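Q: Can you keep this structure in mind? I'll have questions shortly.
Laboratory data are not the source of any read-out in this text; all were calculated from the coordinates shown. For clarity, every value in this text was computed on a predicted model and none was experimentally measured. When we count neighbours, we look across all protein chains shown, and the Cβ atoms used for this are built from the backbone with ideal geometry, even at glycine.
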Amino acid sequence: MVETHKVESLTELNQKLPELQHRNFRNDDFWKSIPGWANVTREEFADHMWQQKNSIRKIEQVRKVLGKLATPELMADMEDGQRKTPMNIRITPYIFSLIDWENAWDDPLRKQFLPLGSQFLPEHPLHMSDSLSEDEDSPVPMLTHRYPDKVLFLPTTLCPVYCSYCTRSRIIGGSTESVDKSSYGANQKKWDDVFEYLRNSPLVEDVVISGGDSFMLTPAQIKYIGESLLNIPHIRRIRYATKGIAIFPQKITSDHAWFKALCEVNELGRSFGKSVVIHTHFSSPREITKWSQMAMERIFSAGITVRNQAVLQNGVNNDVSDMVLLTRKVGFMNIQPYYVYMHDMVPGCEHFRTTLREGIELEKAVRGTTAGFHTPTFVCDLPGGGGKRHVASYEYYDEENGISVWKAPYVKPGDVFTYVDPIHKLSKEAQDRWQDPATAKKMIEEAKKKVTG
């Protein structure tokens with residue numbers, strides 16, 4: 001009785017104190033507020049197969065499932081969004097149900113996965129479909145090799161959800177009305193070409209398995225890729241990258257074959273003295289519920305390390321209180337906050353981007369709110385392939401015109417890189433300057449000269 005009283009008191013304390021709200025995890029039947037799923041049982045909702053089968057992929061499904069919540073104005077705006085976005089729709093019932101459909105325009109989850117036409121802004125003149133030059137640094141298909149000891153492996157372009165802010169929208173999720181793509185699924189022959197390249201690249205010690213999303217690999221593919229990489233002597237670390245824990249936790253809790261395969265790769269890595277971890281992708285505290293916590297309890301109990309990489313997004317997580325809550329909440333679930341990225345300069349995402357100054361100030365605000373090893377590093381992944389740099393490590397920053405200039409001495413010595421703030425966040429005078437191509441070119445050249453002399 002004494003222990004029960006202690007637990008109840010701690011729960012009550014967590015609910016009363018604002019400082020402890022990161023310990024509260026939503027555990028109601030929230031999906032029943034969606035008219036089309038009002039009669040779905042908790043057991044059904046917990047099943048990963050039900051989640052996959054009922055994922056939303058078309059506007060008509062949105063209209064059908066929402067019923068009376070699908071107002072004509074909202075649906076018309078969403079249809080307009082599909083004509084403009086570079087990403088198709090795919091969203092799990094889990095995340096769809098967490099959207100506040102009474103205020104869908106402002107909801108941070110809706111913004112990430114179901115774009116509205118009214119939210120789009122004109123592209124920045126410097127936007128690029130492959131802003132990080134991943135294709136340029138690709139020695140063999142499906143592989144990017146930029147850092148001497150680390151590579152990025154993209155075994156598939158499929159994901160359990162399609163994020164509106166995806167940095168790889170040029171290949172992920174199939175063609176849309178605005179973009180033709182060369183998406184691909186699993187291809188073992190091309191994977192074997194990657195493994196052969198890595199066997200002949202003795203400097204490589206670290207492999208990120210991304211895509212796409214590792215959640216879309218079968219148990220056999222999880223094992224084949226993991227075992228193939230771990231059996232290369234000089235590879236010491238592999239990371240399975242997935243947004244799945246954030247948007248589809250039921251796969252962890254109910255797809256036992258998939259989780260078993262992941263655990264077996266982890267155990268093989270440990271037997272070799274090598275590291276196998278998961279990198280996941282929570283960007284909003286609104287994504288986190290009791291389902292997230294249950295998934296992480298299973299992963300943590302299996303001895304698998306998880307780190308989080310968020311993307312800084314305007315109207316989603318660029319508020320100090322939201323970013324602090326996200327950081328502390330993932331930390332409480334035994335996920336290490338690792339990176340917060342400045343948004344890449346890819347098409348269809350100008351409304352998501354923030355200024356570099358916002359990123360710098362947010363990191364200042366977050367630092368000190370929790371332990372240092374649980375504080376994410378805010379980084380800018382430089383356009384043009386300069387790699388990740390701390391947000392405050394620029395060489396020069398013209399805040400008036402929103403132009404920052406950077407160097408990456410070890411990655412690409414001698415090169416300079418520019419990252420630019422979204423035009424709509426600049427002064428009216430600066431916005432006017434960007435409208436004239438000759439003036440814009442001169443501004444960029446002058447900023448670079450501040451660094452190169």
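Q: Could you derive backbone 3J(HN,Hα) for segment 82-98 from the dihedral phi with the Karplus parameters 6.51, -1.76 and 1.60 (θ = phi - 60°), listing whole Hz in sequence and x where the residue is Gly or Pro?
A: Each residue's phi maps through the Karplus curve to give 5, 6, 9, 6, x, 10, 6, 8, 7, 8, 6, x, 4, 6, 4, 6, 7 Hz.
Q: Could you name the aspartates and glutamates in cross-link range of residue 449, using Cα to Cα under 15 Å and dropping any fewer than eight places away on the same chain?
A: Leaving aside aspartates and glutamates fewer than 8 places away in the same chain, those within reach of residue 449 are 395, 398, 415.
Q: Provide the FRET efficiency to the nearest 0.05 for the residue 118-residue 33 pair, computing r from the beta carbons and using R0 = 25 Å.
A: The formula returns an efficiency of 0.55 here.
Q: Identify all lysines with a Cα-Cα distance to residue 450 below 16 Å; exclude those on the same chain that are fewer than 8 residues away in sequence.
A: The qualifying lysines are 407, 441, 442.
Q: Also, quick follow-up: Work out how much length residue 399 to residue 425 would gain on full extension: take 0.36 nm times their residue separation and subtract the Cα-Cα distance, in nm to one decimal.
A: Gain in length upon complete extension: 8.3 nm.
Q: Find how many whole Å separate the alpha carbon centroid of segment 237-295 from the alpha carbon centroid of segment 360-439.
A: Segment 360-439 and segment 237-295 have Cα centres separated by 31 Å.
Q: Under 5 Å between amide H atoms, partner at least 5 residues away or on a different chain: which partners does residue 396 have, H built in plane at 1.01 Å?
A: 405
Q: State the answer as a single residue: which of 247, 152, 114 lies farthest towards the positive end of the charge dipole of the chain, with beta carbon charges of +1 for Lys and Arg and -1 for Asp and Glu, about the Cα centre.
A: With unit charges placed on the Cβ atoms, the residue in question is 152.
Q: Find which of 127, 204, 318 sits farthest along the positive direction of the dipole of the chain, computed with +1 on the beta-carbon of Lys and Arg, -1 on that of Asp and Glu, about the Cα centre.
A: Selected residue: 204.
Q: Any aspartates and glutamates with Cα under 15 Å of the residue 68 Cα? List them, leaving off those in the same chain fewer than 8 positions away.
A: Answer for residue 68, where 15 Å is the Cα cut-off: 60, 100, 102, listed by chain and number.
Q: Right, another one. So what is the relative contact order for the chain, in percent, with contacts set as C-alpha pairs under 8 Å and at least six apart?
A: Relative contact order of the chain: 14 percent.
Q: What pairs from 329/425; 32/111; 53/223 go past 28 Å between their alpha carbons?
A: 329/425
Q: From the Cα gyration tensor of the chain, with a ≥ b ≥ c the square roots of its eigenvalues, which class applies: rounded if a/c is under 1.5, or else prolate if a/b is larger than b/c, or else oblate?
A: rounded
Q: So between residue 410 and residue 128, what do we pick up on full extension, going 0.36 nm a residue minus the alpha carbon distance?
A: 99.2 nm
Q: List the residues whose amide H sits under 5 Å from the amide H of residue 307, counting only those 5 or more places along or on another chain, with H placed 1.01 Å from N in the peptide plane.
A: Under 5 Å from the amide H of residue 307: 278, 279, 280, 336.
Q: Taking H placed 1.01 Å from N in the peptide plane, check which residues at least 5 places from residue 387 or on another chain put their amide H under 5 Å from its amide H.
A: 382
Q: Then there's this: Ordered by packing density, taken as the mean number of other Cβ atoms within 10 Å over each peptide's residues, highest first, how do 88-95, 438-445, 256-263 rank?
A: So the peptides 88-95, 438-445, 256-263, ranked by packing, come out 88-95, 256-263, 438-445.
Q: Given charges of +1 on the Cβ of Lys and Arg and -1 on the Cβ of Asp and Glu, with all other atoms neutral, how large is the dipole of the chain about its Cα centre, in debye to the nearest 20?
A: Dipole size: approximately 800 debye.
Q: Let me ask something else about it. Taking the alpha-carbon set of segment 395-453, what are its Rg and Dmax in Å?
A: Rg, Dmax (Cα atoms, Å): 12.1, 38.
Q: Additional query: Quick one: putting +1 on the C-beta of Lys and Arg, -1 on the C-beta of Asp and Glu, what dipole do you get for segment 143-394 around its Cα centre, in Debye to the nearest 20?
A: 380 debye
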